[in-house]
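Every read-out reported here was derived from the displayed coordinates using simple, explicitly stated rules and does not represent laboratory data. Keep in mind that this is a model prediction, so the values were computed, not measured. Glycine gets a Cβ as well: all are built from the backbone with ideal geometry, and neighbour counts include every protein chain shown.
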Amino acid sequence: MNGLAEKVKYWNPYLGGALLGLLLFLSIFVTSHGLGASGGVNRIAVAVEDLVVPEHVDKTPYIAKMAGGDRDPLAHWLVWEVAGIMLGGFVSGLLRGRVKVQTYHGPQISPHSRWAYAFVGGTLMGYGARMARGCTSGQGLSGGAVMSVGSWAFMFAIFAGGYGLAWFVRRLWQPEA
Amino acid sequence: MNTRHLPEALGATVLLLASATLAFHGQPDLEQKWEFLAPKFEPLLAEREVYIDPAELLHLMNDDYIHLVIYDVRSESDWNEFHLVDSTLVALENLKLERDRLLSLPETAVVVVVSNDEMLATGAWKRLMAVAKPNAYILEGGLNLWLNIYGVPDEETGGHGKASLGKPDGTLRHPFKLALGDRHAAAQPDEHHLQHREYTPKVKLLKKIAKAGGCD
Amino acid sequence: MAPFDLVSLLGVTGSYFIYLAIGFAFGFILESSGFGDSRQLAAQFYFRELRVVKVMFTAIVVAMILIFWSTALGLLDYDQIWVSPTYLWPGIAGGLIMGIGFIIGGYCPGTSLVSAATLKLDGIFFLLGNITGMVIFGETAGLINTFWNSGYFGTFTLPELLHLETGIVVVLVTCLALGMFAGFEWIRGLIYGRAK
């Protein structure tokens, strides 16, 4: 299942990057914000929490800012952007026959293990994204384009973390040596 | 020559050229920024829409709802002689340092720029617009007019009488005997014990652009 | 001058529609570039694939050049652009954690949305983990409050840090990005040989 041969069907990354850069510019130009993702996911998470345990939400300061009392965490542009991202990803996949229930995984591990690793990685990502006040889209791309020092430090930290651990978890991704 | 990488080489060259020419062109300084903004904001000055009467400023000073910021752009010696209570002394060149403060003002904020007459304050107002476009106004007639109205008792100036406003030259024309700064009565006039002065209110509260940004 | 006050121009619903459209384009570009595939993303960290750096840094450089040309020409008001404030230590710590999460999970929040949208199960599990991690953060935020607010520099930009003109920094960043592309390609060649 080493589908790297499929890369022929993906756009040239420089082209994709240039288009993304243009989109980022237009976003800032029209709305004053760059792109964002994790903030929207966070708000959805908070909205779910608010449904299930509203009194707890009211009492926890970090979340109450977004959803305490009458506040609607979903009434925020990030949520709409997240909805758009999923829609755009879906349509793009649909057009190229890539909408399929399947699990992408490295050749040395099984789909089931992959699910577990994805969940763990996702949890770390979610926690880290809140810690850093953004993810690669918001802090990385957008903050990077407007030259925020914190964003650049953040980006280098991500690459350091990823490359630092890569060798130790190579079994997850690399073909057998 | 390896033509396989030609598109990439071209792209790289384009980016380098675009960034190099940008560095050459430079970013606009405050004066240039004002020029970009002038078509929209010059009329406000010409139509006197942003000049507010001293009585309106007094009203703002006493309004608890309004978050009032008064910038005094005069010299330090003038400031020491007399300045309004809760005003901030800022030199013209240092207005750009107020950027962070200005950009984080609440919706209820009003900025008023004062000088002795209006000239220095008008220049400062233009700079403020170039720096951060706050909801800012200029004290009409300057502090000279203010002091004519909310007047200092004759004792304080030794009977000098009202300042002439006909030929504004930017100087403070109330020769105080004592430099009391904001401890003069006129620094914070008591609105309730004064004769009501008619004025055309010009201050409007602006709705702020929602500034929640990034991924937060 | 741009940017615009969308809500007063289009109303709240209208402004939401703009963000929906922006998100749509974002998701479309990501998926088309292969970012819905965790194998493509993770391969970056083994130098087998260089999509991540190429897309990210091309995007940043292109956007940067467009942004600062617009401000130079008076089309865009730099003061109205949102520049995320720098909280240095939590930013770095969060970045390290995210890097680890990236190599274990194979996605980042944005790309996991795209992956989940194309029904990839690993993407969906990642997203669920993402939400879990965020909830955990929300619950424990009080404990690390001091750290989370440490290293605050306000809006702090590279030109301010380096005491260089904006335009010069743009040139430097462009050179950095191009250098990275060349460098990474060279490393890839070293590890995997010329045969691609």
State, in angstrom, two size descriptors of the stretch C:105-164 derived from its alpha carbons: Rg to one decimal place and Dmax to the nearest whole number.
17.2, 48
Chain A: relative contact order in percent, alpha carbon pairs under 8 Å with at least 6 residues between:
26
Please determine, in degrees from 0 to 90 and to the nearest 10, the orientation of helix B:30-46 with respect to the longest principal axis defined by the Cα atoms of chain B, where the helix direction is its Cα long axis.
50
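Within 10 Å of each Cβ in peptide A:90-99, how many partner chain Cβ atoms are there on average? Round it to a whole number, please.
Values: counts 11, 6, 12, 11, 3, 3, 3, 0, 8, 6.
Counting Cβ atoms of other protein chains within 10 Å of each residue's Cβ and averaging gives 6.
Taking the inverse of the average 1/r across all pairs of different Cα atoms in the stretch B:20-112, what Kirkwood radius in Å do you get? Don't skip to the answer; put the middle values down first.
Values: mean 1/r = 0.0628 Å⁻¹.
Taking every pair of different Cα atoms in the stretch B:20-112, averaging 1/r and inverting gives 15.9 Å.
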In debye to the nearest 20, how big a dipole does the protein assembly as shown give about its Cα centre with +1 on each Lys and Arg Cβ and -1 on each Asp and Glu Cβ?
3440
Applying the span-like rule to chain C (DSSP H, Cα extent along axis at least 18 Å, Kyte-Doolittle mean at least 0.0) gives C:6-32, C:51-72, C:88-105, C:121-140, C:166-192
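Return the average number of partner chain Cβ atoms within 10 angstrom of each residue Cβ along peptide B:36-47. Write out the running numbers ahead of the final one.
Numbers: counts 7, 3, 0, 0, 1, 0, 0, 0, 0, 0, 0, 0.
Mean partner shielding for this stretch: 1.
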Relative to chain A, whose Cα atoms define the longest principal axis, helix A:149-166 and its Cα axis are tilted in degrees, nearest 10, by 40
So for A:Ser27, B:Ser77, fewest C-beta neighbours within 10 Å to most, what's the order?
B:Ser77, A:Ser27
Of B:Ser75, B:Ser104, B:Met61, whose Cα points farthest to the positive end of the dipole of the stretch B:28-136 (charges on the beta-carbon: +1 Lys, Arg; -1 Asp, Glu; origin at the Cα centre)?
B:Ser104
Could you tell me which residue out of B:Trp34, C:Leu121, A:Ala18 lies farthest along the dipole of the protein assembly as shown toward its positive end? Charges go on the beta carbon: Lys and Arg +1, Asp and Glu -1, centred on the Cα centre.
C:Leu121
Once all Cα-Cα distances of the stretch C:136-196 are split into 5 Å bins that start at 0, what whole-number percent is in each one?
4, 13, 12, 10, 10, 10, 12, 16, 10, 4, 1
Could you give the radius of gyration (one decimal) and Dmax (whole number) of the Cα atoms in the protein assembly as shown, in Å?
28.3, 98
Computed over the stretch A:1-108, the distribution of all Cα-Cα distances in 5 Å bins, rounded to whole %, is 2, 10, 13, 15, 15, 14, 12, 10, 7, 3, 0
In whole Å, largest first, the alpha carbons of the stretch B:30-188 cover along the principal axes 48, 34, 26
Zero-based 10 Å bins, Cα pair distances in chain C, whole percents
7, 22, 34, 30, 6, 1
Treating only the Cβ atoms of Lys and Arg (+1) and Asp and Glu (-1) as charged, compute the dipole magnitude of chain C about its Cα centre; round to the nearest 20 debye.
840
If each of A:Glu55 and B:Thr88 carries a label point 7 Å out from its Cα toward its Cβ, how far apart are those two points in nm?
4.4
Calculated FRET efficiency for the pair C:Leu75/B:Leu206, C-beta based, R₀ 30 Å, to 0.05
0.85
Using amide H atoms built 1.01 Å from N in the peptide plane, name the residues 5+ places from B:Asp72, or on other chains, whose amide H lies under 5 Å from its own.
B:Thr88, B:Leu89, B:Val90, B:Val114
Nearest 10 degrees, 0 to 90: what angle lies between the long axis of helix A:13-31 and the longest principal axis of chain A (Cα atoms)?
10
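Once you average over the residues of B:6-15, how many Cβ atoms of partner chains fall within 10 Å of each Cβ?
On the way: counts 0, 3, 7, 0, 0, 7, 8, 1, 3, 13.
Taking all residues of B:6-15 together, the mean is 4.
Could you compute Rg(Cα) / (2.2 N^0.38 Å) for the stretch C:40-80, with N its residue count? Spell out each step's value before the answer.
Numbers: Rg = 15.1 Å, N = 41, 2.2 N^0.38 = 9.0 Å.
Here the answer is 1.68, to two decimals.
Taking 26 Å as the cut-off for C-alpha to C-alpha distance, list the pairs among B:Lys40/B:Lys202; A:Lys9/A:Lys100; B:Lys126/B:Lys177 that go past it. Mind showing how you got there, number by number?
On the way: B:Lys40/B:Lys202 17 Å; A:Lys9/A:Lys100 16 Å; B:Lys126/B:Lys177 34 Å.
Beyond 26 Å: B:Lys126/B:Lys177.
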Label-point gap, in nm, between C:Val12 and B:Asp64 - each point 7 angstrom along Cα→Cβ:
2.9
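Label the stretch C:1-74 by shape, choosing from rounded, prolate and oblate, from the square roots a ≥ b ≥ c of the eigenvalues of the Cα gyration tensor; if a/c is under 1.5 it is rounded, and otherwise prolate applies when a/b is larger than b/c, oblate when it is not. Could the numbers behind the result be given before it?
Values: a/c = 4.91, a/b = 1.65, b/c = 2.99.
Oblate.
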Normalising by the residue count of chain B, find the relative contact order in percent from Cα pairs under 8 Å and 6+ residues apart.
24
